[in-house]
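Participant: Next up is a structure, given as structure tokens.
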Amino acid sequence: MKLLFDCDGTILDSMHIWLEPIGKLLDDYNFKLTTEQKGQIEALTFIDTVRWLNKNVCPERSKEDIINYFSDTITDAYKNSLMPKVGAEKTLRKLKAEGYDMCICSSTDRIHLENALKRLDLFDLFDFIQTPDTIGYKKNQIEYWQDALDKYQIKAEEAVLFDDALYAIKTAKKLGIKIVGIKDFPHNKNEWEEIKKESDIILDNIKDLDMEKIKNL
């Protein structure tokens with residue numbers, strides 16, 4: 001059994017770093033996201049998020065202006081301040097000690113994840129870090145998840161995904177990957193009821209993980 005972990009909102013307490021500046025920009029333009037648009041944005045790389053905002057929200061601004069709006073805050077946070085969610089580090093180290101193979105499956109650019117995980121001494125717990133900017137597929141595409149399975153040379157039913165994002169959960173589930181839905185309120189509160197329906201198991205926090213239940217899926 002291979003364990004696939006989302007990072008932002010599942011391992012790192014980091015969703016606010018992305019959502020707060022996006023939310024402020026949307027408010028400035030009185031732009032309300034639909035559930036579908038929210039899922040689209042969450043699946044995008046940083047640069048693709050900038051392109052989406054530039055096209056749909058603030059076309060009069062340059063891409064460079066929008067990049068500057070985000071980049072300093074985001075880069076600094078991953079390098080210097082973001083911390084794991086409560087209990088995440090202990091849980092991951094325990095899983096590694098018990099011999100589980102683990103990887104990161106994220107939408108965030110690899111450089112940011114690498115900066116944070118190395119600073120927190122968590123980087124070496126994972127076999128690989130999979131991101132759209134390194135493989136060319138997004139988490140709302142079947143190919144993204146198939147690529148992770150191929151790296152491990154396993155079938156979908158041999159993998160378990162831990163994620164807090166509905167769009168990623170629904171896509172991975174289409175392949176037959178087992179799903180553990182992670183609560184990350186308030187960021188996924190509006191999607192939580194649907195996440196519960198799509199997941200094999202739900203957790204309030206990764207620290208509540210019981211591998212005996214996972215093995216019985």
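The values are calculated or read from the model by the stated rules, or taken from the named source; none is laboratory data. Keep in mind that what you see is a predicted model, and the values were worked out from it rather than measured. Glycine also receives a Cβ, built like all others from the backbone with ideal geometry; neighbour counts cover every protein chain displayed. Remember, those area values only see protein heavy atoms, side chains included, never the ligands or the DNA or RNA. Shrake-Rupley method; radii C 1.70, N 1.55, O 1.52, S 1.80 Å.
Participant: Consider the range 60-92. How many of its residues are closer than 15 Å to Cys7 by Cβ, of a type in the set (Val, Ile, Thr) and surrounded by fewer than 15 Cβ atoms within 10 Å (Cβ to Cβ)?
Facilitator: Final tally of qualifying residues: 0.
Participant: Right, here's the next one. Filter the range 128-185 down to the residues that are touching a strand residue (DSSP E or B) at 6+ places or on another chain (Cβ under 7 Å), under 19 Å from Cys7 (Cβ atoms) and of a type in the set (A, V, I, L, M) and list them by number.
Facilitator: Ile129, Ala148, Leu149, Ala159, Val160, Leu161, Ile169, Ala172, Ile177, Ile179, Val180, Ile182
Participant: Hey, could you check the range 152-187 for residues that are more than 24 Å from Asn216 (Cα to Cα) and more than 14 Å from the chain's Cα centre (by Cα) and say which is modelled with the lowest pLDDT?
Facilitator: Start the filter on the range 152-187 by keeping residues that are more than 24 Å from Asn216 (Cα to Cα), which leaves 167, 184-187.
Next, only the ones that are more than 14 Å from the chain's Cα centre (by Cα) stay: 185-186.
Numbers: Phe185: 90, Pro186: 86.
Once the filter is applied, the top-ranked residue is Pro186.
Participant: Does Leu95 qualify as being in contact with a strand residue (DSSP E or B) (Cβ under 9 Å, 6 or more places away or on another chain), surrounded by fewer than 19 Cβ atoms within 10 Å (Cβ to Cβ) and outside any loop (DSSP other than H, G, I, E, B)?
Facilitator: yes
Participant: To continue, here is another question. Out of the range 110-129, which residues are in a helix (DSSP H, G or I), touching a residue at least 12 places away in the same chain (Cβ under 8 Å) and over 16 Å from the mean Cα position of the chain (by Cα)?
Facilitator: Arg119, Leu125
Participant: List pairs: first residue in the range 51-79 and within 19 Å of Lys118 (Cα to Cα) and of a type in the set (Ser, Thr, Tyr), second residue open to solvent by less than 90 Å² (accessible area, probe 1.4 Å) and in a loop (DSSP other than H, G, I, E, B) anywhere in the structure, Cβ distance under 8 angstrom, at least six positions apart or on different chains.
Facilitator: Sorted first by the residue in the range 51-79, then by its partner, the pairs are Tyr78/Ser14.
Participant: Assess whether Ser107 counts as being in a loop (DSSP other than H, G, I, E, B) and open to solvent by less than 60 Å² (accessible area, probe 1.4 Å).
Facilitator: Working: in a loop (DSSP other than H, G, I, E, B): yes; open to solvent by less than 60 Å² (accessible area, probe 1.4 Å): yes.
Here the answer is yes, as Ser107 does meet what is asked.
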